[in-house]
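Engineer: Dumping the structure here so I can ask a few things about it.
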Amino acid sequence: MGDRALRKILYVEDEINIRTVGLFSLVEVGGLEVEPAVSGRQALEKVGPCSPDVILLDVMMPGMDGISTFKALRARGDTANVPVIFMTAKVQPHEVEGYLSMGALAVIAKPFDPLTLADEVRAIWDGRPAPEETGVAG
């Protein structure tokens, strides 16, 4: 059923300070269960056992970036349909359109608001209009 509550997130972010704030925001403020990963490769290792409802994926990471990680997730049978939300500072309209046309569920702009990140993810998960659409189109 499509109304299932958001339960578990795989959060992929290489930058420790951003990851720390993101985890605080999602877990402590938002009450969500989160499995952190520090790289695309680690995300690919953790995603199977973790079986997340959604993946929050940083775009710019050293080594295997978010786009490569996304393509690898889509190529696997067990993760091909797991929704991915990209998190990036690259939120020009043509960039956002590129991520969405690849098959991303949504794009969250960085820097994000730690007090509203969990609500933003839940709103996307629930299928409401994605909050990032309001701030990007200018």
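Engineer: What ranking of Tyr99, Tyr11 emerges when the number of other C-beta atoms within 10 Å of each C-beta is taken as an exposure proxy, fewest first?
Structural biologist: Taking fewest neighbouring Cβ atoms as first place, the list is Tyr99, Tyr11.
Engineer: Also, quick follow-up: If the convex hull of the alpha-carbon atoms of the chain is projected onto planes in all directions, what is the mean projected area in square nanometres?
Structural biologist: 7.8 nm²
Engineer: As a footprinting exposure proxy, order Phe112, Phe70, Phe86, Phe24 by other Cβ within 10 Å, with the fewest listed first.
Structural biologist: Least crowded to most crowded, the residues run Phe24, Phe112, Phe70, Phe86.
Engineer: Could I ask something else about it? Neighbouring Cβ atoms within 10 Å as the yardstick, rank Val12, Val34 fewest first.
Structural biologist: By the 10 Å Cβ count, ascending, the order reads Val34, Val12.
Engineer: Still on this structure: Relative to the present Cα-Cα distance, how much length would full extension add between Ile16 and Asp126 at 0.36 nm per residue of separation?
Structural biologist: Residue separation times 0.36 nm, minus the Cα-Cα distance, leaves 36.7 nm.
Engineer: Here's another thing I want to ask about it. Provide the FRET efficiency to the nearest 0.05 for the Ser51-Lys71 pair, computing r from the beta carbons and using R0 = 35 Å.
Structural biologist: Using R0 = 35 Å, I get an efficiency of 0.95.
Engineer: Quick one: dipole size for the range 8-130, taken about the Cα centre, charges +1 on Lys/Arg Cβ and -1 on Asp/Glu Cβ, in debye to the nearest 20.
Structural biologist: Dipole of the range 8-130, to the nearest 20 debye: 300 debye.
Engineer: Let me ask you something else. Return the FRET efficiency for the residue pair Val29, Asn81: r is the Cβ-Cβ distance, R0 is 22 Å, and the value is rounded to the nearest 0.05.
Structural biologist: 0.20
Engineer: Just to be sure I understand: if I project the alpha-carbon convex hull of the range 1-41 onto a plane and average over all orientations, what area do I get in nm²?
Structural biologist: Quarter of the Cα hull surface area: 3.4 nm².
Engineer: At q = 0.23 Å⁻¹, work out log10 I(q)/I(0) for the range 51-107 with the Debye formula, treating every Cα as an identical point scatterer and leaving solvent out; two decimals please.
Structural biologist: Evaluating at q = 0.23 Å⁻¹ gives log10 I(q)/I(0) of -0.90.
Computed from the coordinates by the stated procedures, all read-outs in this text should not be read as laboratory data. Remember, it's a predicted structure, so these values are computed and weren't measured experimentally. Note: ideal-geometry Cβ built from the backbone for every residue, glycine included; neighbour counts use all protein chains shown.
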